[in-house]
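Novice: Have a look at this one before I ask anything.
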Amino acid sequence: MDIRPIAPADADLYRKLLVSLSDRDLYLRFFHTMRELGDAEIEPFVRANPDMLGYVAIEDGEVVGAAHAFIDQPRSIAEFAVEVRPEYRHRGVGGKLLEHVIRELRAHGVHELVAHSLFDNTEFALVAADAHMRPAREGAGVNLWRLHL
């Protein structure tokens, strides 16, 4: 498996990853349902942006996972999210993507990583806990995970 920065040329591969996810998986990732996966929904996640890092995990020419960190430079904090194809879960893909994001955030001078997850998103909880992120209940069924970098 190869992990590399996401690029605009990955738009179709990223769309295929999202299409491989169930409605529930998409809700757990985006906190809302996704009725369409057109260019307008995909483009913000694959374009170059100084306030966002994106990585993809590639195996056999397919994106099997993706991770993004949205950076708030003035506060030196970034918000993390990840998605992994169902058949590749529990194989370390999410953790490896998170490792790449953390390394790059440190290089950018970011001091804290946060992530929001629904209480019942146990798969994200495993990835976050393995990275030593600490959860706190935020309300409305949401955990706020934190990691000081």
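Novice: Quick check on my filter: what residues within segment 115-128 are surrounded by 18 or more Cβ atoms within 10 Å (Cβ to Cβ), of a type in the set (A, V, I, L, M, F, W, C) and part of a loop (DSSP other than H, G, I, E, B)?
Specialist: Those that are surrounded by 18 or more Cβ atoms within 10 Å (Cβ to Cβ), of a type in the set (A, V, I, L, M, F, W, C) and part of a loop (DSSP other than H, G, I, E, B): none in segment 115-128.
Novice: While we're on this one: Within segment 129-141, how many residues turn out to be part of a strand (DSSP E or B) and surrounded by 15 or more Cβ atoms within 10 Å (Cβ to Cβ)? Even if it seems obvious, please write down each step before you answer.
Specialist: Taking segment 129-141 and keeping what is part of a strand (DSSP E or B), we get 134-139.
Filter once more, keeping what is surrounded by 15 or more Cβ atoms within 10 Å (Cβ to Cβ): 135.
Total meeting the criteria: 1.
Novice: I need every pair where a residue in segment 115-126 that is of a type in the set (S, T, N, Q) has its Cβ under 6 Å from the Cβ of a residue that is surrounded by 17 or more Cβ atoms within 10 Å (Cβ to Cβ), sequence separation at least 6 or different chains.
Specialist: S117/F124; S117/N143; N121/L28
Novice: Among the residues of segment 74-114, which ones are in contact (Cβ under 8 Å) with a residue 40 or more places away in the chain, more than 20 Å from V19 (Cα to Cα) and exposed (fewer than 14 other Cβ atoms within 10 Å of the Cβ)?
Specialist: Answer for segment 74-114, where residues must be in contact (Cβ under 8 Å) with a residue 40 or more places away in the chain, more than 20 Å from V19 (Cα to Cα) and exposed (fewer than 14 other Cβ atoms within 10 Å of the Cβ): just R106.
Novice: Out of the residues in segment 40-56 that are more than 12 Å from R15 (Cβ to Cβ) and at pLDDT below 90, state the one that is surrounded by the most Cβ atoms within 10 Å (Cβ to Cβ).
Specialist: Filtering first and then ranking leaves P44.
Novice: So, one more: Testing S22 on (1) loosely packed, with under 12 Cβ neighbours inside 10 Å; (2) of a type in the set (S, T, Y); (3) within 26 Å of V110 (Cβ to Cβ), one condition comes back false. Which one is that?
Specialist: Only one criterion is unmet by S22, namely (3).
Novice: Considering each of R47, R15 in turn, give the residue that is closer than 24 Å to E104 by Cβ, touching a residue at least 12 places away in the same chain (Cβ under 8 Å) and in contact with a Pro (Cβ under 7 Å, 6 or more places away or on another chain).
Specialist: Just a single option satisfies the conditions, and that option is R47.
The values are calculated or read from the model by the stated rules, or taken from the named source; none is laboratory data. Just so we're clear, the structure is a prediction, and the values are computed from it rather than from any experiment. Note that each Cβ is placed from the backbone with ideal geometry, even for glycine, and that neighbours are counted across all protein chains shown.
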